[in-house]
Amino acid sequence: MSHAALLTLLAPLAGFLVLLTLKKDSSERLVGTIATGAVALSFLFALITWVGLEGRSSREVTVTLFGWISTGSLHAPVALLIDPLSVTMMLFVTGVSALIHLYSTAYMHAERDYRKFFAYLNLFVFSMLVLVMADNLVMTFVGWEGVGVCSYWLVAFYYDRDSAASAGKKAFVYNRVGDLGLLIAMFILFSHQTGLGYLQIAASASSHLSGAAATWVVLALLLGASGKSAQIPLFNWLPDAMEGPTPVSALIHAATMVTAGVYLLVRLAPVLALSSGGRTTIAVVGALTAFVAATIATSQKDIKKVLAFSTVSQIGYMVLAVGVGAYGAAIFLMVAHAFFKALLFLGSGSVIHALDGEQDLRRMGALSLVLPWTYPTFLVGWLAISGLPPFSGFFAKGAVLTGAYAHNKTLWALGVVTAVLTAYYMTRLFVLTFRGRARYRESLGHEPHESPLPMVAPLVVLAVAATLAGALDLPWVHQHTLDTFITSTVGVNASSVGVSSTGQWTLALIDAVVGLIGLSAAFALWRSNAVQPSLEPRFLERVWFWDDAYDRVLGRPLTRVATETSHVDDVVVDRLVEGVAGRVGASAAGVKKVQTGLVRHYALGMTLGVSLIVVYLVARVG
């Protein structure tokens with residue numbers, strides 16, 4: 001099992017290194033085969049690791065590779081922690097990523113830098129695996145930064161477009177703000193002698209951390225999670241990340257980077273348990289993010305932007321689950337979301353591919369008639385995220401809402417309203433894309449065509465997974481479920497739901513009804529008209545003016561400060577440096593005059609020098 005875990009980590013790294021050694025003109029087939037094969041192998045080794053863990057009585061296995069940092073009381077080896085939480089992450093990260101790689105082999109056909117694109121993808125998967133398999137926070141931080149820099153390269157892949165270059169920089173800067181939170185949490189933990197290994201933290205947090213210190217750690221972790229998982233107030237980098245190729249959107253938004261913050265919070269559940277105020281803050285931030293992002297998604301006209309804000313909203317649900325202590329529900333929704341959101345993004349990529357790059361929902365319509373594979377698979381993703389039974393989203397989102405109901409009725413009510421909005425904006429997207437009049441004929445010079453097999457096959461697999469993944473954690477099954485598997489992780493205790501069986505069935509019925517309400521409302525409002533300004537207020541289309549506020553409060557003032565202080569550089573720094581250089585130059589010009597090249601001058605100088613020495617010596621003797 002230990003060897004399989006190591007190979008899970010190393011397979012995408014090997015793929016990245018091999019791709020670096022290939023010639024720039026290597027065939028697309030060779031590049032795609034190496035990149036996809038590496039991640040597929042990683043998934044296979046992850047399966048072997050899971051089977052090996054199931055056969056062990058101990059559910060925490062540490063695989064130490066070699067020593068790394070050891071100074072004073074700080075010891076951070078390069079080691080892997082194999083337990084139910086990390087194995088779950090390994091399985092869906094590698095599985096979904098392998099499908100995205102396969103899809104990309106056709107989607108990126110004839111694109112420039114084809115080899116570089118797949119090298120970035122392999123390195124991204126490797127970095128994500130480092131993050132989730134790490135035994136300690138220091139090594140986790142390496143993977144954390146790795147996915148950050150890879151996301152910058154991938155979001156800004158079309159760097160010759162100003163919008164893509166700006167989006168890459170925005171993602172990088174927002175994530176650096178979140179990184180500060182993670183570093184602060186690490187510093188506080190280390191200063192309180194808890195150690196930075198996850199097993200150490202679980203064993204010593206309760207005895208070494210006071211309530212105030214634990215709260216500061218939790219708030220710092222929330223800042224880190226807000227940056228990486230796009231939560232308020234750092235959520236608005238994620239929609240701009242849609243400037244990258246569609247497979248990148250699927251990779252970042254579905255199974256990898258945006259889930260890292262939620263994973264970190266669950267991993268450090270022993271610290272969260274020490275701060276009820278910190279957990280409440282997490283729950284409130286998650287619920288508000290889910291609601292705000294859902295309202296924004298109702299007015300977006302770009303198909304990928306709708307899905308981007310949908311991701312922000314769904315991650316908000318996961319953060320809400322963490323805040324109310326429903327850790328199993330958070331991971332359950334994370335897994336289900338990986339399936340249906342990857343399906344939706346890849347399905348949108350198939351639509352964009354068919355329409356020669358068109359992403360405006362107002363220029364689509366009636367695509368169900370010409371996309372026989374994309375249409376039914378996208379329909380599955382739509383029903384799953386809308387929370388309708390028997391699809392996985394119904395059970396996963398229901399588990400979160402049940403946990404919220406037991407913890408705080410107000411947060412549950414906000415989650416229910418968000419569920420209505422989710423079904424509404426996803427139905428709006430579905431209707432405008434696949435139903436109604438074929439508006440694409442007004443701008444497209446030919447009939448759309450279905451995507452090739454490498455793009456269609458992952459859609460089918462993900463559609464099956466999005467349909468059946470609810471079986472991982474059915475509410476009436478209490479043994480051998482994902483929840484019992486996850487909550488056997490060190491430090492993560494199963495939360496008592498506190499809702500009777502009748503109450504759980506009632507809540508499930510409410511979940512289904514609110515999904516149908518949102519779906520029905522959107523069908524009635526959008527089936528005959530693709531443009532309705534009254535339903536798309538500028539306030540929502542402009543993201544609650546969030547970016548505008550940041551621009552006024554931070555962007556413009558700091559730009560003015562930078563402009564003004566640039567004079568200091570011109571007047572003070574430059575003149576000082578130039579003055580020193582001028583004096584040195586003048587001195588050199590004066591000294592060089594003694595180098596005449598005439599022997600008689602040198603002889604005269606030697607005579608004068610010897611004479612001065614003789615006079616000095618005689619004077620001393622006298």
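The values are calculated or read from the model by the stated rules, or taken from the named source; none is laboratory data. Source: prediction; values computed, not measured. In this analysis, Cβ positions are derived from the backbone assuming ideal geometry, glycine residues included, and neighbour counts consider all displayed protein chains. These accessible areas exclude ligands, DNA and RNA; they are computed on the full protein's heavy atoms, side chains included. Shrake-Rupley method; radii C 1.70, N 1.55, O 1.52, S 1.80 Å.
The set of residues from segment 142-198 being touching a residue at least 12 places away in the same chain (Cβ under 8 Å), over 24 Å from W216 (Cβ atoms) and not in a helix (DSSP H, G or I) comprises A156, F157, Y158, R161.
Is one or more of the residues making up segment 398-412 without any contact (Cβ under 8 Å) to a residue 40 or more places away in the chain and in contact with a Ser or Thr (Cβ under 8 Å, 6 or more places away or on another chain)? No: segment 398-412 contains no residue that is without any contact (Cβ under 8 Å) to a residue 40 or more places away in the chain and in contact with a Ser or Thr (Cβ under 8 Å, 6 or more places away or on another chain). For segment 38-54, the count of residues that are among the hydroxyl-bearing types (S, T, Y), open to solvent by 70 Å² or more (accessible area, probe 1.4 Å) and over 23 Å from the mean Cα position of the chain (by Cα) is zero. Annotation: of all residues in segment 1-31 being among the small types (G, A, S) and surrounded by 14 or more Cβ atoms within 10 Å (Cβ to Cβ), the one that is farthest from S42 (Cα to Cα) is S26. Here A589, A562, A512, A530 are screened, and the one residue that is modelled with pLDDT of 85 or more and outside any loop (DSSP other than H, G, I, E, B) is A512. Can you confirm whether segment 362-384 contains a residue that is in contact with a His (Cβ under 8 Å, 6 or more places away or on another chain) and either surrounded by fewer than 24 Cβ atoms within 10 Å (Cβ to Cβ) or assigned to a helix (DSSP H, G or I) (or both)? Looking for residues that are in contact with a His (Cβ under 8 Å, 6 or more places away or on another chain) and either surrounded by fewer than 24 Cβ atoms within 10 Å (Cβ to Cβ) or assigned to a helix (DSSP H, G or I) (or both), one finds at least one in segment 362-384, hence yes. For segment 268-291, give me each residue that is part of a helix (DSSP H, G or I) and open to solvent by 10 Å² or more (accessible area, probe 1.4 Å). Selection gives P270, S276, G277, R279, T280, T281, V284, V285, L288, F291.
Looking at L453, L468, L421, L462, which one is open to solvent by 10 Å² or more (accessible area, probe 1.4 Å), in contact with a Gly (Cβ under 9 Å, 6 or more places away or on another chain), of a type outside the set (V, I, T) and modelled with pLDDT of 90 or more? Only one candidate qualifies: L421.
So, L199, is that one at pLDDT below 95 and open to solvent by less than 20 Å² (accessible area, probe 1.4 Å) or not? Criteria not met by L199. Out of M90, M139, one residue alone is open to solvent by 10 Å² or more (accessible area, probe 1.4 Å), among the aliphatic types (A, V, I, L, M) and part of a helix (DSSP H, G or I). It is M139.
Counting only residues that are surrounded by 10 or more Cβ atoms within 10 Å (Cβ to Cβ) and not in a helix (DSSP H, G or I), how many does segment 592-622 have? Qualifying residue count, segment 592-622: 1. Hey, can you tell me all the residues within segment 435-484 that are among the basic types (K, R), in a helix (DSSP H, G or I) and in contact with a helix residue (DSSP H, G or I) (Cβ under 8 Å, 6 or more places away or on another chain)? The one that is among the basic types (K, R), in a helix (DSSP H, G or I) and in contact with a helix residue (DSSP H, G or I) (Cβ under 8 Å, 6 or more places away or on another chain): R439.
Among the numbered conditions (1) under 26 Å from the mean Cα position of the chain (by Cα); (2) open to solvent by 80 Å² or more (accessible area, probe 1.4 Å); (3) over 30 Å from G436 (Cβ atoms), the only one that V572 does not meet is (1). Listed by first and then second residue, the pairs linking a residue in segment 540-554 that is part of a helix (DSSP H, G or I) to a residue that is of a type in the set (S, T, Y), with Cβ atoms under 7 Å apart and 6 or more places separating them unless they lie on different chains, are L540/T295; L540/T298; L540/S299; E541/S299.
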